[in-house]
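Participant: One structure, as structure tokens, below. Some questions next.
The values are calculated or read from the model by the stated rules, or taken from the named source; none is laboratory data. This structure is a prediction, so every number in the text was calculated from the model and none was measured. Cβ placement follows ideal geometry from the backbone for every residue including glycine, while neighbour counts extend to all protein chains displayed.
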Amino acid sequence: MKRLKSKMVITILLIILFVSASVILIEFRLKNVRDEMSEFTARNAAAGSILAGVEETVHNANYYYDDLVTIVRDEQGNIKSLVTNTSRLNTVSNAVNRNVDSRINHIETYPVSIPLTSILGSELVSGVGPDITFRVTLTGTASTSFDNVFDSAGVNQTRHQIMLKVTVKTYVIFGASVTKHTVSTDVCIAENIIVGITPEAIAQITN
């Protein structure tokens, strides 16, 4: 009788250990899959907000290349320098920051669905079965910087592009955990073909 009770106790303990280990393993796999899906969702949301925010800003600002850059020439018509309108660029930068921030923070909560079988880690049944849906909270902040890009566009012709680099730091909040992801995108906001600019002048302008 005592031997039977001992076996039952051992069996129960083994079951408890097995269940506990299974729960820990499932929780571990669930966290990994959830984190990957959350990062994918955050990056997509940030990229979409950047493109939409820049497009809206450029459309509303209604400016041209000549509004942002002044080409200074000497008496012979040779290009001496390019002068950027810093005030106008700052206005564009601030507007982009506001638009992107607003779009990111208006998302608030985002549903993330994970197939139940994906937690098992088997490729044979991955993606099959009902989904487990989580709701994560997204927030973020945008920052911008400008860069001048020059490249050849033909004989004695140079293409000048003003590139706006938008960087968004997104924060994914799920329960008590917070993960940060950074997304950067370069967008051309103005370009022009400049005739009569030389490589030496480009180097001088860039410096």
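Participant: Say we look at the range 171-202 and pick out the residues that are surrounded by 15 or more Cβ atoms within 10 Å (Cβ to Cβ) and at pLDDT below 75; which of these is nearest to the chain's Cα centre (by Cα)?
Facilitator: Per the stated criteria, the residue is Phe174.
Participant: Oh, and also: Residue check, Val72 against (1) in contact with a Lys or Arg (Cβ under 7 Å, 6 or more places away or on another chain); (2) outside any strand (DSSP E or B); (3) of a type outside the set (Gly, Ala, Ser), all met but one. Which one?
Facilitator: Here Val72 meets the rest and fails (2).
Participant: Are any residues in the range 79-98 part of a helix (DSSP H, G or I), in contact with a strand residue (DSSP E or B) (Cβ under 7 Å, 6 or more places away or on another chain) and not aliphatic (A, V, I, L, M), and if so, which ones? Break it down stepwise before answering.
Facilitator: Initial filter on the range 79-98 (part of a helix (DSSP H, G or I)): 86-98.
After this cut, where a residue has to be in contact with a strand residue (DSSP E or B) (Cβ under 7 Å, 6 or more places away or on another chain) as well, the list is 89, 92-93, 96-97.
If the condition is that a residue be part of a helix (DSSP H, G or I), in contact with a strand residue (DSSP E or B) (Cβ under 7 Å, 6 or more places away or on another chain) and not aliphatic (A, V, I, L, M), then Ser93, Asn97 are the ones that fit.
Participant: Hey, among Ile162, Ile79, Ile119, which residue is farther than 17 Å from Ala42 by Cα and at pLDDT 85 or above?
Facilitator: Values: Ile79 fails: at pLDDT 85 or above; Ile119 fails: at pLDDT 85 or above.
None of the others qualify; the one that does is Ile162.
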